[in-house]
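Report on one structure; see the data block that follows.
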Amino acid sequence: MLAQACFFLPARLRPALARLVQRGVILVHPLDAAAHGRLAELLDKYRDQDPDWADMALLWLAEASGLRRIATLDVTDFSVYRIHGRTRLQLELLR
């Protein structure tokens, strides 16, 4: 996810993102074997949407953490994805 965030940031701001993680302002959730298994299930379930890894990792994180609200530029895909196959995400649209 950090790689995806860095992709959208100007190069001059990328070190600041790493410092936010270092200071604990941004929490990084490591993916264990069970998480990778769930990612495989999600990638398979939404394969007709051609999901990318970052999208499915965000969906996994929402499931694992109980968070429902995410900020995204990708309204089309995230309008389709469901937490545990049932619950819609609450989208904060970035412009």
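The values are calculated or read from the model by the stated rules, or taken from the named source; none is laboratory data. Just so it is clear, the structure is predicted and the values come from calculations on it, not from any experiment. In this analysis, Cβ positions are derived from the backbone assuming ideal geometry, glycine residues included, and neighbour counts consider all displayed protein chains.
Pairs are defined by a Cβ separation below 9 Å, a sequence spacing of at least 6 or placement on different chains, a first member in the range 63-81 that is under 14 Å from P51 (Cβ atoms), and a second member that is assigned to a loop (DSSP other than H, G, I, E, B) and of a type in the set (F, W, Y); the pairs so defined are D77/Y46; V80/Y46; Y81/Y46.
In the range 85-95, what residues are in a strand (DSSP E or B) and within 18 Å of Q4 (Cβ to Cβ)?
Keep residues of the range 85-95 that are in a strand (DSSP E or B), which gives 87-88, 90-93.
If the condition is that a residue be in a strand (DSSP E or B) and within 18 Å of Q4 (Cβ to Cβ), then L91, E92, L93 are the ones that fit.
Out of the range 57-84, which residues are assigned to a helix (DSSP H, G or I) and under 19 Å from L27 (Cβ atoms)? It would help to see each step written out before you state the result.
So in the range 57-84, the residues assigned to a helix (DSSP H, G or I) come out as 57-65, 75-78.
Listed by number, the residues that qualify are A57, L58, L59, W60, L61, A62, E63, A64, S65.
Residues of the range 46-56 being part of a helix (DSSP H, G or I) and not hydrophobic (A, V, I, L, M, F, W, C), which ones? The answer is R47, D48, Q49, D55. Within the range 1-40, take every residue that is modelled with pLDDT of 95 or more and under 21 Å from D74 (Cα atoms) and give me the one that is surrounded by the fewest Cβ atoms within 10 Å (Cβ to Cβ). Per the criteria, the residue is A40. When the range 9-45 is filtered for residues that are more than 17 Å from R82 (Cβ to Cβ), touching a residue at least 24 places away in the same chain (Cβ under 8 Å) and outside any loop (DSSP other than H, G, I, E, B), only A35 remains.
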